Amino acid sequence: MATIKVTKVKSAINRPKNQKLTLEALGLKKIGQTKEHQDTPNILGMINKVKHLVSVEETK
């Protein structure tokens with residue numbers, strides 16, 4: 001399974017609570033923070049929900 005790097009690029013201030021909780025579940029707290037996750041449907045769904053706040057990079 002491939003891995004993806006998710007980086008928080010925008011603030012979660014004035015965002016709905018479910019988007020804030022999704023960022024926390026992805027392990028992203030500060031702007032510029034990067035986490036690696038497996039490329040699973042669950043993670044991709046979470047990323048899709050906050051795609052305007054994060055950048056995604058595919059790694060091997």
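The values are calculated or read from the model by the stated rules, or taken from the named source; none is laboratory data. Just so you know, these numbers come straight off a predicted model, no measurement behind them. Ligands, DNA and RNA are stripped out before the accessible areas are found, and what is left, the full protein with its side chains, is counted by its heavy atoms. Shrake-Rupley method; radii C 1.70, N 1.55, O 1.52, S 1.80 Å.
In whole percent, how big is the carbon plus sulfur part of the accessible area of the chain, probe 1.4 Å, protein atoms only?
Here it works out to 51 percent.
Need the list of lysines near K5 for cross-linking: C-alpha distance under 18 angstrom, and skip anything on the same chain fewer than eight residues off.
Counting by Cα, and skipping residues close in sequence, K5 has these lysines nearby: K29, K30, K35, K49, K51, K60.
Accessible area per residue, 1.4 Å probe, Å², for segment 3-59: what's the number?
Normalised by residue count, the accessible surface of segment 3-59 is 66 Å².
Any idea what diffusion coefficient the chain gets from Stokes-Einstein, in µm²/s, Kirkwood Rh on alpha carbon pairs, 37 °C, 0.692 mPa s?
The calculation lands on 289 µm²/s.
For I43, I13, what's the largest-to-smallest order of accessible area, 1.4 Å probe?
Sorted by accessible area, descending: I13, I43.
Extension gain I31-N18, at 0.36 nm per residue separation less the Cα-Cα distance, in nm?
Using 0.36 nm per residue and subtracting the Cα-Cα distance, I get 2.9 nm.
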